[in-house]
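Please read the structure below before turning to the comments.
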Amino acid sequence: MEEHNLDQLLAQIDMTRLPRHVAMIMDGNGRWAKNRSQQRSDGHYAGITSVHNVTEFSSDLGIKYLTLYAFSTENWNRPTEEVETLMYLIGWAIERELPELLRNNVRIHLIGDMERIPEGPRKRLFDCRDATAHCTGLQLLMCLSYSSRWEIADAARKLARAAADGSLDPDSIDESVFAGYLATAGVPDPDLLIRTGGEQRISNYLLWQIAYSELYFTPTLWPDFGKEAYARAIIDYQQRERRFGKTSEQVQQNPGSL
């Protein structure tokens, strides 16, 4: 039934108006497990399948960038056992997916304070990143030990150092220059931000980059978020008018200018 529904949904997607960059907040693993009287770690294991599905679907559709909020700076405050499980899972899962990522020409990027990641998982992540460095298809950005305030503060420090050593004129700093010092430098801002799990907040994620992103909140818990749910989010996105401060009339007269 799900495959049939997916085919019907795919028929509704305008392949000429796909979001170039989709960002996701993967929320609800713990509640998914609790609803089944399971351990939180079981929810995290189940969520790996959803990561596989959304990555595969993004690649198949031809979406250029997919950014996943895998582990936030604030997540370090969770119980030690859960953090250790997550660190193991992140490294194990990406290593397990590596052969298929290579087959699908997917390139991995790592964003965040990677020095805080334990040595074992960090080596696995770096090795997988380096193994896909030649890939030119979907660009998969994994946000690990990441928060937007950390990123903005880090960019400010780099700007301050550049100004102090004379390599940057402070008067030249504008939005474009600042963006070039962010962890996402060179990556277009997300067109669509999806958050699963029913919460309707941003949780310190890509605050600079999502200034004009379309936001999509769904009650579906992350382990239940598959290709069909993803397709529905894209269809919803395509029904919106993106004006970027302009009027509807301006957009309709020159849609290609956005």
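Annotation: aspartates and glutamates with alpha-carbon distance below 19 angstrom to K123 (same-chain offsets under eight excluded): E84, E95, E97, D113, E115.
The residues neighbouring S213, those whose beta-carbon lies less than 9 Å from its own, together hold a net charge of -3 under the Lys/Arg +1, Asp/Glu -1 convention.
Residue by residue, segment 211-218 carries 3J(HN,Hα) couplings of 3, 10, 6, 7, 9, 10, 10, 10 Hz when phi is fed to the Karplus relation 6.51 cos²θ - 1.76 cosθ + 1.60 (θ = phi - 60°); x denotes Gly or Pro. Approximating the spin labels as points 7 Å out from Cα along Cα→Cβ, the R96-to-Q39 distance works out to 1.5 nm.
A Förster radius of 25 Å combined with the Cβ-Cβ distance from E119 to E74 puts the calculated FRET efficiency at roughly 0.65. Taking the Cβ of D191 as the centre, find all other residues whose Cβ is under 12 Å away and add up their charges (Lys, Arg: +1; Asp, Glu: -1). Net of charged neighbours comes to +3. Segment E175..I13, full-extension length gain: 55.0 nm, with 0.36 nm per residue of separation and the alpha-carbon distance subtracted. Here the spin labels are modelled as points 7 Å beyond Cα on the Cα-Cβ line, and at D130 and T49 they lie 3.4 nm apart. Taking other residues whose beta carbon is less than 11 angstrom from the beta carbon of Q139, and scoring Lys, Arg as +1 and Asp, Glu as -1, yields +3.
Highest mobility in the GNM of the chain, judged by mean-square fluctuation with C-alpha springs under 10 Å and restricted to A179, A162, A23, is found for A162.
Per residue of the chain, what 222 nm ellipticity follows from adding -39500 (n - 2.57) for every DSSP H run with n ≥ 4, rounded to the nearest 500?
Helices in the chain give a 222 nm mean residue ellipticity of -14500 deg cm²/dmol.
Sorting W32, W92 on solvent-accessible area from highest to lowest, probe radius 1.4 Å, gives W92, W32.
The values are calculated or read from the model by the stated rules, or taken from the named source; none is laboratory data. Note that the structure is a prediction, hence the values are computed from the model and not measured. Glycine also receives a Cβ, built like all others from the backbone with ideal geometry; neighbour counts cover every protein chain displayed. These area figures cover heavy atoms from the full protein model, side chains too; ligands, DNA and RNA do not enter into them. Shrake-Rupley method; radii C 1.70, N 1.55, O 1.52, S 1.80 Å.
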